[in-house]
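The structure under discussion appears below in the form of structure tokens.
The values are calculated or read from the model by the stated rules, or taken from the named source; none is laboratory data. Quantities reported herein were computed from a predicted structural model and do not represent experimental measurements. Here Cβ is always computed from backbone atoms with ideal geometry, including for glycine, and neighbour counts include all displayed protein chains. Please note that ligands, DNA and RNA were not included when accessible areas were found on the heavy atoms of the full protein model with its side chains. Shrake-Rupley method; radii C 1.70, N 1.55, O 1.52, S 1.80 Å.
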Amino acid sequence: MGADRERSHSYRLEDLDASAELRRLASQVALLAPREFTFLTRVGVRPTDVVLDVGCGPGFFAEKLAAEVVPEGRVVGVDVDGAMVALAAQRCADHERLSFLEGTGQRIPLDDDSVDVAYARFLFQHLTEPSVVLAEMRRVVRPGGLVAVGDTDDGGLVVHPAPEGFDRFLDASRRAQIARGGDRQVGRKLKSLLIEVGLADVHATTEVMTSEDIGPRALLAIAVGFKAGVLGPPFAEPAEVKRIEDELAALSTEPGFYGHALGYLAWGRVP
């Protein structure tokens with residue numbers, strides 16, 4: 001089976017405005033990576049570790065990870081999108097401790113027990129078979145090594161005041177992502193998924209991102225931007241999506257506006 005047939009349709013760069021999406025990804029890493037680095041260090045990632053970044057995209061996160069968390073180790077990124085892998089390799093060509101491979105989460109192109117840590121961030125919401133990907137992550141991590149997943153869940157998204165129809169917008173987004181092979185409610189399921197593939201000492205936590213901490217515009221870009229970019233018929237009309245986007249932008253400038261989104265993090269050890 002070719003790699004393209006294994007891809008979920010939940011996330012494909014060709015379905016989006018590529019320049020805008022790359023800007024969104026870069027902004028997301030700039031805002032969230034420090035929190036993720038604190039988490040990874042706390043759960044045991046060491047400066048000398050070899051870390052696999054599953055679903056690495058253009059390499060923004062892998063580049064920072066190599067510099068700030070594993071400065072004496074190595075980072076290997078893998079992504080199904082060959083164009084993303086090429087972009088990451090081009091961007092990071094001068095970094096000796098960074099490498100990028102084309103491959104799917106179902107078939108990670110690495111040997112058994114070849115890395116210390118496997119981490120997937122904002123990937124599982126796009127997967128049709130998360131357990132298969134987790135089993136592959138476990139396969140390539142050495143015994144005693146760490147498997148960790150970070151993702152989102154729309155159940156933790158709150159904005160006030162909200163535009164009329166915002167709940168319908170979220171429901172349409174959920175149904176559209178299911179139709180594409182994804183899951184907008186995967187965050188709450190991460191702990192059970194890690195247990196099901198036989199990982200040991202499994203734990204989970206949440207990280208709150210609020211409009212007070214990162215600003216209303218940044219919060220909406222992270223929590224709503226991707227939904228608006230891919231949502232369309234038959235789940236929602238473009239004019240309705242645009243109206244909600246515009247009203248959210250306007251409401252977010254009001255003094256009483258508040259919003260938060262939750263990041264869900266789960267981790268376990270390979271027995």
Checking the conditions here, which among Ala261, Ala266 is at pLDDT 90 or above and touching a Lys or Arg at 6+ places or on another chain (Cβ under 6 Å)?
Ala266
Could you say which residue among Ser19, Ser10 is at pLDDT below 90, part of a loop (DSSP other than H, G, I, E, B) and either out of contact with any Asp or Glu (no Cβ under 9 Å at 6 or more places or on another chain) or crowded, with 18+ Cβ neighbours inside 10 Å (or both)?
Ser10
Quick check on region 85-102. Is at least one of its residues surrounded by fewer than 21 Cβ atoms within 10 Å (Cβ to Cβ) and among the aromatic types (Phe, Trp, Tyr)?
no
Going by what's in this entry, would Leu101 be described as farther than 20 Å from Pro47 by Cα and assigned to a strand (DSSP E or B)?
yes
Residues to consider are Ala223, Ala236, Ala249; find the one that is open to solvent by 30 Å² or more (accessible area, probe 1.4 Å) and aliphatic (A, V, I, L, M).
Ala249
Criterion first (buried (at least 19 other Cβ atoms within 10 Å of the Cβ) and acidic (Asp, Glu)) does Asp116 satisfy it?
yes
Quick one: would you say Phe37 is of a type in the set (A, V, I, L, M, F, W, C) and surrounded by 21 or more Cβ atoms within 10 Å (Cβ to Cβ)?
no
Any residue in region 157-179 that is among the hydroxyl-bearing types (Ser, Thr, Tyr) and open to solvent by less than 30 Å² (accessible area, probe 1.4 Å)?
yes
Quick one: in region 106-118, of everything that is within 26 Å of Pro47 (Cβ to Cβ) and assigned to a loop (DSSP other than H, G, I, E, B), which residue is nearest to the chain's Cα centre (by Cα)?
Ile108
Condition test on Ala221, is it at pLDDT below 90 and in a helix (DSSP H, G or I)?
yes
Any chance region 68-84 includes a residue that's closer than 21 Å to Glu207 by Cα, at pLDDT 95 or above and either open to solvent by 60 Å² or more (accessible area, probe 1.4 Å) or in contact with a Cys (Cβ under 9 Å, 6 or more places away or on another chain) (or both)?
yes
Name the residue that is nearest to Arg175 (Cα to Cα), counting only residues in region 119-132 that are assigned to a strand (DSSP E or B) and open to solvent by less than 10 Å² (accessible area, probe 1.4 Å).
Ala120
Meets criteria (open to solvent by 10 Å² or more (accessible area, probe 1.4 Å), in a helix (DSSP H, G or I) and among the aliphatic types (A, V, I, L, M)) for Ala135
yes
